[in-house]
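Below is one structure, written out as structure tokens; comments come after it.
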Amino acid sequence: MPDRRTLLLDAALAVVADKGMKGLTHRAVDTAAGLSEGTTSNYYRNRAALVDAVLDRLLELDATLLRDQGPAGPPEDVDELAGQLASMMVMLAGRHAGLTRARLALSLDKPDSVTAGHFQLVGGLEQALAGLGVPDARARARDVADYGDGVLLHLLTVRRDEQPDAAAIAAAVRRLVGI
């Protein structure tokens, strides 16, 4: 069983995923965690402290996801990279949709909180594309990252009742890369 702080932060992420940032209150977290009223405020005295801790937990979960679900090594070619990215988007919109919804809500409320992660993602994509000999890797990496953000948003909103098509996503990534 997770420690109490982890339990509270995971409950807070579930609240944000379900109700957005306006729904994130100490009382809502207590209820979601199944703990007595006042528990969250004992650990996180104010909303700012709670939000900061939630952001840290999100980064921790993202790192774990990338380590456990990410590719084992650099892609051999653009097709493999496109497939890896498509699989990741399908996973983030499916099995980890709650985490993705929470990430999107937090990023709208605290845009600076996602800046470092975004640049890390774009940098990794740029490095992979450059390693594959793709021209103008920096611009294409940014385009692919922006596309991925848009796909995730649409898969969680306007296309939430559709089954994601990994092959179509991979084909779009290949088009963006110019291959």
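The values are calculated or read from the model by the stated rules, or taken from the named source; none is laboratory data. Keep in mind it's a predicted model, so treat the numbers as computed, not measured. When we count neighbours, we look across all protein chains shown, and the Cβ atoms used for this are built from the backbone with ideal geometry, even at glycine. All accessible areas refer to the heavy atoms of the entire protein, side chains included, with ligands and DNA or RNA removed. Shrake-Rupley method; radii C 1.70, N 1.55, O 1.52, S 1.80 Å.
Checking the structure you have, find out if any residue of the range 47-55 is in contact with a helix residue (DSSP H, G or I) (Cβ under 7 Å, 6 or more places away or on another chain) and among the charged types (D, E, K, R). The answer is no, given that none of the residues of the range 47-55 is in contact with a helix residue (DSSP H, G or I) (Cβ under 7 Å, 6 or more places away or on another chain) and among the charged types (D, E, K, R).
Filtering the range 24-81 to residues that are open to solvent by 70 Å² or more (accessible area, probe 1.4 Å) and basic (Lys, Arg) leaves ARG27, ARG45, ARG47, ARG67. Evaluate the range 138-150: report whether one residue or more is under 22 Å from LEU9 (Cα atoms), basic (Lys, Arg) and touching an Asp or Glu at 6+ places or on another chain (Cβ under 9 Å). No, the conditions are met nowhere in the range 138-150.
Only residues that are small (Gly, Ala, Ser) and assigned to a helix (DSSP H, G or I) were counted in the range 63-73, giving 1.
Looking at ALA86, ALA105, ALA11, which one is modelled with pLDDT under 95, surrounded by 17 or more Cβ atoms within 10 Å (Cβ to Cβ) and either under 26 Å from LEU152 (Cα atoms) or of a type in the set (Lys, Arg) (or both)? The unique qualifying residue is ALA105. Of the residues making up the range 127-150, those that are of a type in the set (A, V, I, L, M, F, W, C), open to solvent by 10 Å² or more (accessible area, probe 1.4 Å) and farther than 13 Å from GLY178 by Cβ are ALA128, ALA130. In the range 23-41, the residues that are farther than 24 Å from ASP109 by Cα reach residues that are crowded, with 16+ Cβ neighbours inside 10 Å with C-beta atoms within less than 6 angstrom, at least six apart or across chains, in these pairs: GLU37/ASP30; THR39/ASP30. Sub-9 Å Cβ pairs linking a first residue in the range 154-177 that is within 18 Å of LEU85 (Cβ to Cβ) to a second residue that is of a type in the set (Lys, Arg) and not in a helix (DSSP H, G or I), at least 6 apart or interchain, are HIS154/ARG160, ordered by first then second residue. Of the residues examined, VAL158 is not one that is crowded, with 19+ Cβ neighbours inside 10 Å and modelled with pLDDT under 95.
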